[in-house]
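Data first, discussion second: the structure below is written as structure tokens.
The values are calculated or read from the model by the stated rules, or taken from the named source; none is laboratory data. Not measured: the values here are computed from a predicted model. Don't worry about glycine lacking a Cβ; one is built from the backbone with ideal geometry, like all the others, and counts go over all protein chains shown.
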Amino acid sequence: MTVEVFGIRHHGPGSARALRRALEAYRPDLVLIEGPPEADPLLHLAADPAMTPPVALLAYTLTAPQRAAFWPFASFTPEWTALRYAHAHRLPARFIDLPAACTLAAPPEAPGEQHEPETAKGASTKEPGGSDAGPSERARRASLGATDETTQTDGGAGNAAERSTPAERAAGGRQPGEEAGRPDEGLWERARRDPLGVLAEAAGHADAERWWDDVVELRGQEDVFGVVAEAMEVLREETERAGSEREEQREAWMRQAVRRAVREGFERIAVVCGAWHVPALRAKVPASRDAATLKGLPKTKVAMTWVPWTHGRLARESGYGAGVRSPGWYRHLFEAADRPVERWLTESARLLREEGLPVSSAHVIEAVRLAEALAALRGRPLAGLDELTEATRAVLCEGADLPLELIRRRMVVGEALGSVPDSTPMVPLQRDLLAQQKRLRLKPSAEPRQDAFDLRRPVDLERSRLLHRLRVLDVAWGSPAADASNRSQGTFKEVWVLAWHPEFDVRLIEAGVWGTTVHDAAAARIQAEAADARGLPELTVLAERALLAGLDEALPAVMSTLADRATADGDTVRLMEALPPLVRALRYGDVRGTPTGPLRTVVDGLVVRICLGLPRAAASLDDDAARTLLERVATVHETLALLDEPPHTARWLDALAALTDSPASHGLLEGRLTRLLHDAGRLPDLPARMSRAVSPGTPPARTAAWLEGLLADGALLLIHDAALLALLDSWLAALPAETFTAVLPLLRRTFATHTPPERRTLAARLHHLAAPAPPPPEDLDPARAAPAVATVLSFLPLRPGSPPPGPLTPREPPAEETP
Amino acid sequence: MTDGTPDAATGVLRPHAEQEYAGELARLAELDERPRPPGWRLSPWAVTTYLLGGELPDGTAVTPKYVGPRRLIEVAVATLATDRALLLLGVPGTAKTWVSEHLAAAVSGDSTLLVQGTAGTPEEAIRYGWDYARLLAEGPSEKALVPGPLMRAMRRGAVARVEELTRIPSDVQDALITILSEKTLPVPELDTEVQARRGFTVIATANDRDRGVNELSSALRRRFNTVVLPVPASLEDEVDIVSRRVARLGRALELPAPSAGLEEIRRVVTVLRELRSGRTEDGRTRLKTPSGTLSTAEAISVVTGGLALAAHFGDGVLRPADLAAGLQGTVVQDPVSDRVVWQEYLETVVRDRPGWRDFYRACRETLP
């Protein structure tokens, strides 16, 4: 009976190759692998042809699914190699690390909690390497996972982290600190946290990963396991002054697992674990001590499954502590048959060529030479990624950094999304989503891509609804693309940006509390949120989302809450804020074929309330308040135009007219409303009103505010109405000097908003106003002009009620001239 | 042209790199046990050490010639070791010429095989010319041929330098292509050619962000490995570079050595860095940027000028007043727009900065 311990570097392609060779030479009859034993029933899935790495084992607690941990596997991960080897040779394989049930069972509010994070952290940090050195990548798995990664990805998605315990956050937050290194801590402290870094430093390298590349990855031929074990032994002897409790537990568990295997009668046992653990597993420790160490460990109920993973998540850049800076490069090292340097640079050249950069084979030849010369200069056995990057920059990219970034993203990290077979255990929600993805032919991918849906096609409509429903569940697989074309093409077209992130699986598991299908869960969530919602705007947003997601059964609940709140809410401004999204929703409803009956009732009620409350809202306002109200009025005005319901529009205009006539309203407001009403054709006496507004009885400041309101969106009115312009001109001319100074800034503000051509035209008009008016074209022959006028009039739809086309007068610009 | 003896160098205004650092180069060559590429005076490792500084096994300290990322120099040396041509790119004042001179001095012990690129550089400067008197008298012959620096470098297997490559007209630039790819220079008049000996290569410097440059053709471009030299990353780096260079220059110019206060150097570097980057070092205030390039080289010349002023007219200590005029002259290149930039900078940043009161006053006084 023999037990051979293979100390590997997690995610190290060199380790993986060496391990494969070593296993083939050793021919074990049992393979034990560092990993959570709960996954044993799932291990057979690794042999499934539909299982493509990168994938991860996901463990989550049943009581609080957001407490989760991941064990990622890429194609070049040694553990994966071990698994595949075991399957290929029909050998039993087992995971022997401390069960996830224990690692995830940090007591929520126990007094010992302050201590617990320390041990959890200890387990993660005592392993060799920390985030940038290989053998430790397993470390963080014990205690972190989804939690530390979501903290650092998009802010909106960070909810899992918010709900996680301090233990996890502390452990997650530790990673950046490790890279930075703390100047004040002793060498031993650092050696405990990052032993490989210390070894690398001793060997004269600044970067532990490069050092490891040197001694292991690039010397694939040597049998490294003995050497690694020796190095770790020395290092552990030197540093292990106070071992961490969690680490002792893990190693005790592993030893127990090995003992059990021996008892079961296996003859040749291969143990695959992180290099750091090798000395501990080889050590002779009495079984009774291990049993004592493991006594009374807290446990919680956990479930495990496989989830697809991405290379981006493996890379350091994503913030996840897995710490492989260059998964694409590692995969290349693992998969390339021979001449990795030449192959890599040729691939780089092809990539650059695809992007239209002129890169020839001569470039590649020179790049290879440079990379090799650099490696020699730096005293490395073979050119590594650093040298290749330098050579690529200096030769292939001709010194430019931009193409280099492309290579980094596409090749060094090499975005890839794994997949898991259908028989993988999933929560019902995941299954439902999978079924819908199949049905709607919407495949998840890690690389963001754009998709346009035509909502008139049933399949696209369903896709859009699915994405909207997922958004309700915080699974932001798709996000609406913010581009202008989206809007201009009308409401039936939606453009989405789709990108799948592995943490969505966790969110789906979390969302399991809401229901068993995406549809049900989203509906339940909307209803629950509606019941909790505080303000009107919140509710209207919910209503909009419910409509977009096609959650008809959730709508009545939202609507009734909305109606209740609207009645109770006395603040007209808030009601005005609530209206636009509802009207938008109403229109979406038309496009999407959702019944909007209840929504219409609410909108009707809102319009009436707004019209009634408007005079009160507009009374005695200061400048800022007037400006705020004005914005709302403008939005409501536009919204009602969009709604196009004559009774509502009429009621609204009546309310505005009443407001304009009330003497107490603010100048700005009055001016603006005058303009709105004039544009709506409701004001026959604009010159008179203007004359009143600019007459000496009105304080100049109010006049200026009035003018600002009137001319807020363009000077066209003044350009085309000489009478108004004349009025304005004479008012301005008659202002006394000191008042003029006071009013000037206000006027300037108004006219500064106009476009330069408008201002130029205005100036030209004023010039004509000052000069004697050009003599009217006396020789105008109405009879000869009549056919032209008639033709033009046939183009222009005339509103009933507008004055009949009279004879052409010089005051009215002839229709032909109007732009 | 070059008399390589140190004695001849003492009288000149600016000795060549191989003269000024002859001692260091000799020690390096003596202690260098690594393999040297054919035609090289030093091994690539020793060249790297010469440029980046370090300590030799016998305790000789090698001064750093270039302060900046190590990898840039490594790439440059590796490029030369693969007999490829090297193109140093960067904005003015990023030590392109400096690096190229020292590389040439370390690799071939001779930095004088130089073609200075201008808009009027003729093809003869790159290839060869003729001694016309002899040509007329004797007809084309080997004796009538006047070899250019590149031709001489090819014959000797040395490093040739081309300064300001992008200023050379495009058709003249193309004369380099054959030299770089075939490593031969045909002389059709004599029906011969010059074949480069091993060790020959070219270091070119170019400025890619300037007016009036001739883009390199891609055929020429791909004969070069490109290294982009950045402006110094941090204030400390730049202060370090300036004080080191100023000390050397002061010695070379035999100024009555007033000590350049680190404080004043830091001040000059800070001013130029801030105006160059368009915001203050603390990142709080946005600034207008003047039209000139305010590189490290400018900082060096301002401080050296200030030192001369202090030595000859002042009390021997570098004071703000000695620097103000030089600084203003550097910043205000365009008398109208740059003046506004400078005044604005003085009023908004310098005036309220604690400890900068003297400096502010001195600058105000020099403002006309």
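Evaluation of B:Ala29 against the conditions (1) over 18 Å from A:Ala373 (Cα atoms); (2) part of a loop (DSSP other than H, G, I, E, B); (3) of a type in the set (A, V, I, L, M, F, W, C) shows that the sole unmet condition is (2).
Just to verify a result, which residue in the stretch B:286-338, among those that are among the charged types (D, E, K, R) and surrounded by fewer than 21 Cβ atoms within 10 Å (Cβ to Cβ), is farthest from B:Val269 (Cα to Cα)? It would help to see each step written out before you state the result.
Within the stretch B:286-338, the first condition is being among the charged types (D, E, K, R), and the residues that meet it are B:286, B:288, B:298, B:315, B:319, B:322, B:334, B:338.
Filter once more, keeping what is surrounded by fewer than 21 Cβ atoms within 10 Å (Cβ to Cβ): B:286, B:288, B:315, B:319, B:334, B:338.
On the way: B:Arg286: 17, B:Lys288: 17, B:Asp315: 23, B:Arg319: 15, B:Asp334: 21, B:Asp338: 18 Å.
In this case the residue turns out to be B:Asp315.
Within the stretch B:144-158, the only residue that satisfies the criterion of being surrounded by fewer than 19 Cβ atoms within 10 Å (Cβ to Cβ) and under 11 Å from B:Thr201 (Cβ atoms) is B:Gly157.
When each of B:Val162, B:Val77 is tested for being free of Cβ contacts under 8 Å to residues at least 60 places away in the same chain, buried (at least 18 other Cβ atoms within 10 Å of the Cβ), within 28 Å of A:His363 (Cα to Cα) and within 14 Å of chain A (Cβ to nearest Cβ), the lone residue that passes is B:Val77. Of all residues in the stretch A:348-366, those being in a helix (DSSP H, G or I), away from every other protein chain (no Cβ under 12 Å) and of a type in the set (Asp, Glu) number 1.
Residues are listed down the side, and each one gets a yes or a no for (1) among the polar types (S, T, N, Q); (2) surrounded by 19 or more Cβ atoms within 10 Å (Cβ to Cβ); (3) farther than 23 Å from A:Arg463 by Cα:
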{"position": "A:Asp552", "(1), (2), (3)": "no, no, no"}
{"position": "A:Asp571", "(1), (2), (3)": "no, no, yes"}
{"position": "A:Pro598", "(1), (2), (3)": "no, no, yes"}
{"position": "A:Asp624", "(1), (2), (3)": "no, no, yes"}
{"position": "A:Leu629", "(1), (2), (3)": "no, yes, yes"}
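Of the numbered criteria (1) in contact with a Cys (Cβ under 7 Å, 6 or more places away or on another chain); (2) in contact (Cβ under 8 Å) with a residue 60 or more places away in the chain, the one B:Leu346 fails is (2). Taking the stretch A:673-733 and the helices (runs of 4 or more DSSP H) fully enclosed by it, the elements with 1 or more residues that are modelled with pLDDT under 80 and more than 19 Å from A:Leu762 (Cα to Cα) are at A:686-694, A:700-710. What number of residues within the stretch B:59-74 are in a loop (DSSP other than H, G, I, E, B), within 14 Å of chain A (Cβ to nearest Cβ) and in contact with a Lys or Arg (Cβ under 7 Å, 6 or more places away or on another chain)? Selection size over the stretch B:59-74: 0.
Could you count how many residues in the stretch A:515-526 are modelled with pLDDT under 75 and either part of a helix (DSSP H, G or I) or among the polar types (S, T, N, Q) (or both)? Talk me through it step by step, then tell me what you get.
Just the residues of the stretch A:515-526 that are modelled with pLDDT under 75, to begin with: A:515-516.
Adding the requirement that they be either part of a helix (DSSP H, G or I) or among the polar types (S, T, N, Q) (or both) leaves A:516.
Looking only at that region, the number is 1.
A:Glu247: surrounded by 15 or more Cβ atoms within 10 Å (Cβ to Cβ), of a type in the set (Asp, Glu) and at pLDDT 80 or above, yes or no? Even if it seems obvious, please write down each step before you answer.
Values: surrounded by 15 or more Cβ atoms within 10 Å (Cβ to Cβ): yes; of a type in the set (Asp, Glu): yes; at pLDDT 80 or above: no.
In short, no.
Does the stretch B:126-134 include one or more residues that are among the β-branched types (Val, Ile, Thr) and not in a helix (DSSP H, G or I)?
Taking every residue of the stretch B:126-134 in turn, none turns out to be among the β-branched types (Val, Ile, Thr) and not in a helix (DSSP H, G or I).
Exactly one residue among B:Pro15, B:Pro35 is in the same structural domain as B:Arg223 (by TED's automatic domain parsing), surrounded by fewer than 21 Cβ atoms within 10 Å (Cβ to Cβ), under 18 Å from B:Ser111 (Cα atoms) and at pLDDT below 90, and that residue is B:Pro15. May I ask you to list the residues in the stretch B:139-173 that are closer than 14 Å to B:Glu124 by Cα and under 24 Å from the mean Cα position of the chain (by Cα)? Residues satisfying the conditions are B:Gly148, B:Pro149, B:Leu150, B:Met151, B:Arg152, B:Val162, B:Ile168, B:Pro169, B:Val172, B:Gln173.
With respect to the conditions (1) more than 9 Å from chain B (Cβ to nearest Cβ); (2) of a type outside the set (D, E, K, R); (3) crowded, with 20+ Cβ neighbours inside 10 Å; (4) within 27 Å of B:Arg34 (Cα to Cα), A:Ala394 falls short on a single one, namely (1).
How many of the residues in the stretch A:634-669 are of a type in the set (S, T, N, Q) and outside any loop (DSSP other than H, G, I, E, B)?
4
For beta carbons closer than 8 Å, sequence separation of 6+ or different chains, a first residue in the stretch B:22-34 that is in contact (Cβ under 8 Å) with a residue 12 or more places away in the chain and a second that is assigned to a helix (DSSP H, G or I) and charged (D, E, K, R), the qualifying pairs are B:Leu25/B:Glu18.
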